[in-house]
Amino acid sequence: MRRRMNRALVACMAIPMMMTGQNVLDGVTVPERDESVTPYPYVREADMMWSKRVWRYVDLREKLNLPLAYPASNHPIKERQNLFDVIHDAVLEGAVTAYEAYDGLYTSDEFTLPIGREQLSVLGAGENDTIMVYYPEDDTERPKIISNPFDRSRVVMFKLKEDWYFDKKRSVMECRIIGIAPVIAEYSESGEFLGLRDFYWVYFPELRPVLAQKKVFIRNNAVMPLSFDDVFVKRMFSSFIIKESNAYDRYIKEYKTGMDALLEGESVKHDIMDFEQDLWEY
């Protein structure tokens, strides 16, 4: 009887040792990740019979875009990051180049002014505060500078710069995202909302290999996770158009306001879709 009890005790002690070992599988199967980027098809300039450039906002506060906004930066989840953390960490590591969003007084999305590493470390940070600190060892008070790093929760949107075109060789309408810019909300010292500002621009084709390595939570099917690159390629996000290429180079908000601006953006989207449909009418 004593031998049986000893064997049972040894078996019970072995179970936690096996479960806490290095070969623990947190799931049912071993993940098989495909982190490759799906290449774009080659398009000749002569085959582009029509194209239009548009700019749009992806609002992270919309329900369909929540997978891009979570997990929050201050509440990380194992092997998961939100879209801004993925982009900003890649920029800080030097894997992706960030470009200035303003050329003097005007916005710029031409990818002409790269931002240096030293500039990036303080970009978006608040002004330093000076407080008086008491030091008991010598019974004195001395000023101490407190730095205010960039608050990542201020990123509320992303701006996309994209080209829609019709390839007559393959008879398809397609979209290529050219650039992406985080958009931050600015507030006054009293907490009053001042407006939105582009943080910096990133050339999207350069960013794609980074996005392909990061997975996105899919609500309805966790066994087939998609990458951030898949989300953009498959257009699995909600957005609204804020500008189309025009002779005046102006945004919709400069000649439409409120609901009229949203309806004008929808009109631009329908014009693109109607162009493709009209090609197939006889």
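The values are calculated or read from the model by the stated rules, or taken from the named source; none is laboratory data. Because the structure is a prediction, the values reported are computed rather than measured. Glycine gets a Cβ as well: all are built from the backbone with ideal geometry, and neighbour counts include every protein chain shown. All accessible areas refer to the heavy atoms of the entire protein, side chains included, with ligands and DNA or RNA removed. Shrake-Rupley method; radii C 1.70, N 1.55, O 1.52, S 1.80 Å.
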Any residue in segment 87-99 that is without any contact (Cβ under 8 Å) to a residue 12 or more places away in the chain and either open to solvent by 80 Å² or more (accessible area, probe 1.4 Å) or on the phi > 0 side of the Ramachandran plot (or both)?
-> yes
Top-ranked residue in segment 192-227 [being over 30 Å from TYR102 (Cβ atoms) and without any contact (Cβ under 8 Å) to a residue 24 or more places away in the chain; ranked as least open to solvent (accessible area, probe 1.4 Å)] = LEU226
Positions within segment 203-220 being among the hydrophobic types (A, V, I, L, M, F, W, C) and either assigned to a loop (DSSP other than H, G, I, E, B) or in contact with a helix residue (DSSP H, G or I) (Cβ under 6 Å, 6 or more places away or on another chain) (or both), in sequence order | VAL210, LEU211, ALA212, VAL216, PHE217, ILE218
Which members of segment 38-67 meet the condition of being open to solvent by less than 50 Å² (accessible area, probe 1.4 Å) and either closer than 30 Å to ILE184 by Cβ or free of Cβ contacts under 8 Å to residues at least 12 places away in the same chain (or both)?
-> LYS52, VAL54, TRP55, ARG56, TYR57, VAL58, ASP59, LEU60, ASN65, PRO67
Pick out, from segment 55-167, the helices (runs of 4 or more DSSP H) lying fully within it that include 2 or more residues that are modelled with pLDDT of 90 or more.
-> 66-69, 83-93
Kindly provide the set of residues from segment 245-264 that are open to solvent by less than 80 Å² (accessible area, probe 1.4 Å) and either on the phi > 0 side of the Ramachandran plot or under 22 Å from the mean Cα position of the chain (by Cα) (or both), ordered by number.
-> GLY258
